[in-house]
Amino acid sequence: MKHRAMRGPRPRGRIRGKPANAGGINMAKEIRTIEDLPGIGPQAAEKLISAGYKTLENIATASAAELQEAAGLGEGTAEKAVKAARDALEIGYETAAVLAEKRKLVGRLTTGSKAVDELLNGGIETQSITEIYGKYASGKTQWCFQTAVMVQLPKEKGGLEGNCLYIDSENSFRPERVAAIAEAQGLNTEEVMKNIHVARAYNSEHQILLAEKAADMIKEKNIKLLIVDSLTSQFRAEFIGRGTLADRQQKLNVHMRTLMKLAEANNIAVLVTNQVMERPDILFGDPTAPIGGNIVAHNSKTRLYLRKSKEDKRVAKLVDSPSLPDGEAIYRVTETGIVDVEE
Ligand SMILES: Nc1ncnc2c1ncn2[C@@H]1O[C@H](COP(=O)(O)OP(=O)(O)O)[C@@H](O)[C@H]1O
Ligand SMILES: [Mg+2]
């Protein structure tokens, strides 16, 4: 990653073209690694690293409270560390005007169903994370196959004219399903397969690493969709019985922030799947809730709850979106993928 931190912090009080302290002594310590942050000694650095905060970026995008918990830092120290990391990376505020310009570039990827696309105001957005959650066999992985194909379509057909990076943590990728969907779209199945880059994630650490290493691949291979199927299963499996829930949440948070940054920096769509758990405390209504609590909820900009209906019908419920009303869409999962009920 080429950010300014490699060359040290921006000199204060800079005169046009000439650093204020040019030729003089370098007053501020250059911040290149997390150990260079004020108040972070080797011990604290070690704790931060083992909690998943490995880079200045990880620190810069964390909250002070998170760091306090992860590394036992005092409140003041944590705040200073976050601020110093942000300064070093020049992460600051953006004006609404700049954000509006960025929003204009948001692309939308068709799901294969007009009803679902409408629910999503045109499809799965780029620049943020979309989460689909639901029970076993609710069709989450079918969505992944479908979108891995659709992303390759031209824009006028609802695609993003790009390729797919597919992180498979449950060993559920099935090329023959992708081929069937591609064929139904009238695409050359061999070409479509070549444009889907699949990586198996063997454990949560590996999954985190795959996401961290994705940036180069995204540019080289014209990736427009990053899929993580499933986001949570490795984390869930590993942190049952060992480690604490807080540990798991920290790691999930770091992982999701990596994904979010990939989405924003590269204007790509990120689709993640998530499982549900039974909630014994809910007496009325649906007793299932997505895994990952607030961490996953906050990092997923758009959340859809998938459930089975009669025959091959499925219901997608928009649960949480910053700009769209809640609602439901009915579609079908068939041999040829996701289609509308009325074709
Ligand atoms: N070839 C196919 N033809 C029709 N439906 C299929 C086919 N393959 C899978 N499905 C449907 O998808 C379901 C499995 O969905 P999946 O995406 O694997 O669920 P999840 O990932 O949510 O556990 C099956 O139960 C079936 O209804
Ligand atoms: Mg699945």
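Using a Gaussian network model of the chain whose springs link C-alpha atoms within less than 10 Å, name the residue from 315, 270, 149 with the highest mean-square fluctuation.
Residue with maximal mean-square fluctuation among 315, 270, 149: 315.
Among rounded, prolate and oblate, which fits the stretch 101-340 when a ≥ b ≥ c are the square roots of the eigenvalues of its C-alpha gyration tensor, a/c under 1.5 means rounded, and a/b larger than b/c means prolate? Before the final figure, lay out each step's value.
Details: a/c = 1.43, a/b = 1.16, b/c = 1.23.
Because its axes are fairly even, with a/c under 1.5, the stretch 101-340 counts as rounded.
Is the stretch 223-343 rounded, prolate or oblate when judged by the Cα gyration tensor, a ≥ b ≥ c being the square roots of its eigenvalues, rounded requiring a/c under 1.5 and prolate requiring a/b larger than b/c? Before the final figure, lay out the partial values.
On the way: a/c = 1.82, a/b = 1.25, b/c = 1.46.
Judged from the Cα gyration tensor, the stretch 223-343 comes out oblate (a/c at least 1.5, b/c at or above a/b).
In straight Cα distance, which lysines are under 24 Å from residue 114, not counting same-chain residues fewer than 8 positions off?
Cross-link targets: 104, 135, 140, 155, 157, 224, 301, 308, 310, 313, 317.
Name the most mobile residue of 193, 217, 260, meaning the one with the largest mean-square fluctuation, in a Gaussian network model of the chain with Cα contacts below 10 Å.
Largest GNM mean-square fluctuation: 217.
Dipole of the chain, Cα-centred, from +1 at each Lys and Arg C-beta and -1 at each Asp and Glu C-beta, to the nearest 20 debye?
I would put it at about 1160 debye.
When DSSP assigns beta bridges and you keep just the ones with both residues in the stretch 166-307, what percent turn out antiparallel, to the nearest 5? Kindly include the intermediate steps, with their values, before the conclusion.
Values: 3 of 13 bridges.
Given both bridge residues lie in the stretch 166-307, the antiparallel proportion sits at roughly 25 percent.
Could you let me know the centre-to-centre spacing of the stretch 257-290 and the stretch 197-236, using Cα atoms, in angstrom?
So the two Cα centres are separated by 16 Å.
Which residue, chosen from 324, 121, 215, occupies the Cα position most advanced towards the positive end of the dipole of the chain, where the dipole is computed from +1 (Lys, Arg) and -1 (Asp, Glu) charges on Cβ about the Cα centre?
215
Hey, what number do you get for the chain at 222 nm if only DSSP H runs of n ≥ 4 count, each worth -39500 (n - 2.57), divided across all residues, to the nearest 500? Don't skip to the end; give the middle numbers.
Details: 14 runs with 130 residues, N = 343.
Computed ellipticity for the chain at 222 nm equals -11000 deg cm²/dmol.
Would you look at the GNM of the chain, springs on alpha carbons closer than 10 Å, and say which of 134, 107, 39 moves the most?
39
For the stretch 131-268, what D do you get in µm² per second when you plug the Kirkwood radius from alpha-carbon pairs into Stokes-Einstein at 20 °C and 1.002 mPa s? Numbers along the way, then the final one.
On the way: Rh = 15.6 Å.
Rounded, D is 137 µm²/s.
Within the stretch 227-335, list the GluC sites (Glu not before Pro) lying in a DSSP loop whose Cβ has at most 16 other Cβ atoms in a 10 Å radius.
311, 335
The numbers here are math on the coordinates, done by the rules we state, and not lab data. For clarity, every value in this text was computed on a predicted model and none was experimentally measured. All Cβ positions, even for glycine, are placed from backbone atoms using ideal geometry, and neighbour counts span all protein chains on display.
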